[in-house]
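Just below is one structure, and these are the notes that go with it.
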Amino acid sequence: MIGDQNDMVARLKAALPARWFADSTPVLDGVLAGLAAPWVALYAQLQQAIAQTRIATASGGFLDLIAADFFARRLPRRVAETDTPYRARIQAEMTRERATRAGLVAALTDLTGRPPAIFEPARPADTGGWNGPIGYGHAGRYGSLMLPRQVFVTAYRPLGTGIATIAGWGATEAGYGHGALAWGDVSQIAGQVTDAEIAAVTAATMPVAGIAWLAISN
């Protein structure tokens, strides 16, 4: 394999005149192996450095640096989040549609896994009209032209997965299964999406002149 110990030894050996040595050169090979070792380490370090220059191949703390470079503190890594899902979130956020209703729905759905409920009081498609499919005497909501550029958003928290290796309340009792019992908090939930993050994504997706009245529900 290119850059490994055998490759580096072969490269060094190929630079020496073949007539100087016999077909079997264990002593020479040992000397060359010692010389090749730092080149193997340098080559590996070079490949690692090259990988960190692209989002598709960056890993570890370099992904966090990339996110900070593009989004400041708006897109931190979640608790126990691995590189693959974090990379996907970074890439999705870079091409995120914004300042539109569809963009807001997509952003909140990607974040929580559940589509939000959106109502624009100045939008006839949401309010309906007199004798229309939705409106007075039908299922729907009252609209108002006194609320221009405003929208009511109900975002839903993602379905939680709990804390790994920790049992739930009463889980150690007979009939409830088994697991460790310990105090925990929401910060320990892997991939936990906080209410603050939902609010931040909503604000970042809304147009500058728009107002979103946000409600967060389970």
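Cβ crowding within 10 Å ranks TRP183, TRP39 as TRP183, TRP39, fewest other Cβ atoms first.
Mean silhouette area of segment 11-80, derived from the convex hull of its C-alpha atoms and averaged over all directions, reads 7.5 nm².
Length gained on full extension, PHE119 to ARG141: 7.1 nm, using 0.36 nm per residue less the C-alpha separation.
Over segment 1-51, the hull volume per residue, using the convex hull of the C-alpha atoms, is 69 Å³.
Largest first, the extents of the alpha carbon coordinates of segment 2-160 on the three principal axes equal 100, 28, 26 Å.
A short reminder: the numbers here are calculations on the coordinates, not readings from a lab. Since the model is a prediction, treat every value here as computed from it, not as a measurement. When we count neighbours, we look across all protein chains shown, and the Cβ atoms used for this are built from the backbone with ideal geometry, even at glycine.
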